[in-house]
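See structure below.
None of the figures in this text is laboratory data; all of them are computed from the coordinates on show. Treat the numbers as computed from the prediction; the structure is a model and nothing was measured. Using ideal geometry, Cβ is built from the backbone for each residue, glycine included, and neighbour counts are taken over all protein chains shown.
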Amino acid sequence: MAAEILNGVEVAEHIKQGVAARVKELAERGIKPGLAVVLVGDNPASKVYVGSKVKTCEALGLYSEKYELPPDTTTERLLSVIQDLNQRDEIDGILVQAPLPSQIDSKLIFDSVDPAKDVDGFHTTNVGRLVRNEDALVPCTPAGIIELLDYYKIPISGANAVVIGRSDIVGKPMAMLMLHRNATVTICHSKTRDLPGVARQADILIAAIGRTAMVTGDFVREGAVVVDVGMNNATTTEEVERIFPEAERVKRLEVLSKRGSTLVGDVEPRTVIDKAGWLTPVPGGVGPLTIAMLMKNTLRAAEKRREEKRV
Ligand code: NDP
């Protein structure tokens with residue numbers, strides 16, 4: 001039987017409706033949560049992400065500001081932009097779009113954001129709080145995956161969770177969140193021996209690798225929940241035919257001929273769809289959750305900062 005689809009668009013809408021309703025309540029008290037998005041350089045994908053973050057703010061009634069800095073921006077210049085945003089009361093969340101150009105000290109930059117405004121959850125303080133299971137702003141993509149699993153009432157407690165990927169942005173915080181929900185967690189990476197064998201132990205398998213359709217049916221236990229974080233491009237007809245089940249091929253080949261590529265995850269749907277119990281599609285799975293969670297984190301930062309001010 002084909003896997004049930006975990007619809008990230010539907011869950012993202014649900015999250016955004018909740019945010020919009022709360023933003024409306026705050027507006028009655030004269031409060032408007034504000035997000036500043038900082039983009040350095042002219043990476044086309046980053047421009048698209050930043051554009052949709054600002055648009056989503058507008059749609060949900062949040063205040064937003066966009067800063068576009070040239071590719072040769074120095075660490076010092078970027079620090080001064082962030083320090084200014086840290087001081088401004090109407091800004092509750094600061095997002096510095098990754099990746100940053102190589103001349104910039106990314107760790108220093110992420111640690112220069114006020115932890116109370118760190119809506120990406122990259123600041124050392126928030127990372128530490130997450131590890132200690134204390135109240136923290138948590139990276140949007142893994143936090144969104146937890147919302148997705150909860151929405152579909154997929155039990156996490158006691159489950160074997162295997163996370164492939166150990167980045168600071170996805171893999172590590174994902175593993176921590178699953179651990180705090182009482183899953184038994186295994187983290188895999190490029191040096192893991194017998195990756196398919198380890199992955200087959202998973203009740204919940206999360207692929208955050210950045211390798212086109214690497215996770216095949218051989219990695220998946222019958223009935224497992226498979227969450228595909230990857231965002232890669234297939235650029236040839238052969239790839240499309242190898243990766244996608246027959247039912248999806250025509251549509252994908254059309255996209256390929258129109259745009260020169262089609263979006264594909266780290267999971268190979270052709271061989272996984274009939275083995276998994278649940279599967280996130282790409283696009284329409286994890287991607288929309290990331291922006292929805294950014295909005296939720298901005299709202300949370302706004303509420304928290306005001307609570308703390310009252311004390
Ligand atoms: P990184 O490149 O930072 O990390 C990739 C991880 O995968 C590393 O830990 C690496 O291991 C591991 N890996 C690479 N090759 C293999 C392999 N052959 N076998 C096992 N493990 C391997 O990527 P990110 O975590 O930032 O992103 C992962 C994917 O998720 C990307 O496609 C990215 O575009 C996507 N993404 C999607 C988001 C969304 O909103 N949908 C948001 C963020 C990311 P090692 O540490 O040993 O090198």
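Just a few scattered comments:
- The relative contact order of the chain, computed from alpha carbon pairs under 8 Å that lie at least 6 residues apart in sequence, is 22 percent.
- Annotated for segment 140-287: lysine pairs at least 8 residues apart or interchain, Cα distance under 30 Å, count 6.
- The trypsin sites (Lys or Arg not before Pro) of segment 108-139 meeting both criteria, a DSSP state outside H, G, I, E and B (loop) and at most 11 other C-beta atoms within 10 angstrom of the site's C-beta, are ARG132.
- The magnitude of the dipole of segment 140-287, with charges of +1 and -1 set on the Cβ of Lys/Arg and Asp/Glu and taken from the Cα centre, is near 240 debye.
- Under a model in which nothing but the beta-carbon of Lys, Arg (+1) and Asp, Glu (-1) is charged, segment 32-116 shows a dipole of about 300 debye around its Cα centre.
- Taking packing as the residue-averaged number of other Cβ atoms within 10 angstrom, the listed peptides 255-268, 43-56 run from highest to lowest as 255-268, 43-56.
- Under the convention that each Lys and Arg Cβ holds +1 and each Asp and Glu Cβ holds -1, the size of the dipole of the chain around its Cα centre is about 300 debye.
- Summing +1 for each Lys or Arg and -1 for each Asp or Glu among the other residues whose beta-carbon sits under 15 angstrom from that of THR124 gives -2.
- Legend: distances between Cα atoms for LYS16/LYS55; LYS66/LYS309; LYS32/LYS53; pairs beyond 23 Å are LYS66/LYS309.
- Of the residues ALA45, ILE91, PRO101, the one whose Cα sits farthest toward the positive end of the charge dipole of segment 32-116, with +1 on the Cβ of Lys and Arg and -1 on the Cβ of Asp and Glu, is ALA45.
- Distance between the pseudo-spin-label points of SER157 and HIS14 (7 Å out from Cα toward the beta carbon): 1.9 nm.
- Here the Karplus relation 6.51 cos²θ - 1.76 cosθ + 1.60, evaluated at θ = phi - 60°, turns the backbone of segment 124-137 into coupling constants of 3, 4, 5, 4, x, 5, 4, 4, 7, 6, 9, 4, 8, 7 Hz, with x for every Gly and Pro.
- Per-residue Cβ neighbour rank within 10 angstrom, fewest leading, HIS14, HIS180, HIS123: HIS14, HIS180, HIS123
- Segment ASP194-ARG259, extension gain: residue separation times 0.36 nm, minus the distance between their alpha carbons: 19.8 nm
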